[in-house]
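These notes are about the structure you will find just below.
The values are calculated or read from the model by the stated rules, or taken from the named source; none is laboratory data. Predicted model, so just to flag it, every value in this text is computed and none were measured. Heads up, the Cβs are rebuilt from the backbone with ideal geometry, glycines too, and the neighbour counts pull from every protein chain shown.
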Amino acid sequence: MVRGKVKWFDAQKGYGFIERDGLKDVFVHFSVIQEQGYKSLADGEEVEYELAETD
């Protein structure tokens, strides 16, 4: 698992970006959030995630 901080997340659009120290930001889509109920992230929230490349 990798740790990062939510740079911004737009709940209406369902996506945002996670900041990584010294590396490019990572795109995140609501469909991969593993929480029960409303799937959203708060700006500045610390998160753990697995990185996967897509086309």
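Cβ separations smaller than 7 Å between residues 6+ apart or across chains give the following pairs from the range 20-40 residues that are exposed (fewer than 14 other Cβ atoms within 10 Å of the Cβ) to residues that are outside any helix (DSSP H, G or I): Asp25/Lys7; Asp25/Phe17; Asp25/Ile18; Asp25/Glu19; Phe27/Tyr15; Phe27/Phe17; His29/Gly14; His29/Tyr15. Selection within the range 1-41: residues that are over 17 Å from Ala52 (Cβ atoms) and polar (S, T, N, Q). The member of this set that is modelled with the highest pLDDT is Gln12.
When the range 41-55 is filtered for residues that are among the hydrophobic types (A, V, I, L, M, F, W, C) and surrounded by 15 or more Cβ atoms within 10 Å (Cβ to Cβ), the ones remaining, listed by number, are Leu41, Val47.
Of all residues in the range 1-15, those that are within 10 Å of Asp25 (Cα to Cα) have Cβ atoms under 7 Å from Cβ atoms of residues that are surrounded by 13 or more Cβ atoms within 10 Å (Cβ to Cβ) and among the basic types (Lys, Arg), 6 or more apart or on another chain, in Gly4/Arg20.
Looking across the range 1-16, the residues that are surrounded by 15 or more Cβ atoms within 10 Å (Cβ to Cβ) and touching a Phe, Trp or Tyr at 6+ places or on another chain (Cβ under 6 Å) come down to Lys7, Gly16.
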